[in-house]
Amino acid sequence: MLRRSLRRLLARLLPGTGTRRPRATAEAPPPEPPPRPEPPARPLPRSPYAREAAEDRPVDVSGVPLARPYYRAAERCLLQAERRLALALALEGVDYGPAVIHGVALPV
């Protein structure tokens, strides 16, 4: 019983011996796998402006914003930080801000 258990354990752990594999004959080479079919060609992605460029027409950019959204968001954050600083300094009694508001010069 110990031999049988040891043999089963070794059969699981060690590589196979190949005794149950059919013998390859020298006369017939193994068959070659069939060739793979070529995948269908995908169309290249086209820019929405490619039609205008192909027809030598100028590209209409009237509805496109000139600044990127992330640039505008950073600008808004900077303006908000400046407003918060002005408010914090005003609470301390420090005058901070522009010298001209709506075209009217403020007294110094």
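The values are calculated or read from the model by the stated rules, or taken from the named source; none is laboratory data. Quantities reported herein were computed from a predicted structural model and do not represent experimental measurements. Virtual Cβ from ideal backbone geometry, glycine too; neighbours counted across all protein chains shown. When the accessible area is computed, the model is the full protein with side chains, heavy atoms only, and any ligands, DNA or RNA have been set aside. Shrake-Rupley method; radii C 1.70, N 1.55, O 1.52, S 1.80 Å.
Here are the numbers:
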| read-out | value |
| --- | --- |
| Filter result for Arg3 (in a loop (DSSP other than H, G, I, E, B) and either surrounded by 10 or more Cβ atoms within 10 Å (Cβ to Cβ) or at pLDDT 85 or above (or both)) | no |
| Test for Ala53: is it small (Gly, Ala, Ser) and under 29 Å from the mean Cα position of the chain (by Cα) | yes |
| Residues located in region 55-84, provided they are open to solvent by less than 80 Å² (accessible area, probe 1.4 Å) and in a helix (DSSP H, G or I) | Ala73, Ala74, Gln80, Ala81 |
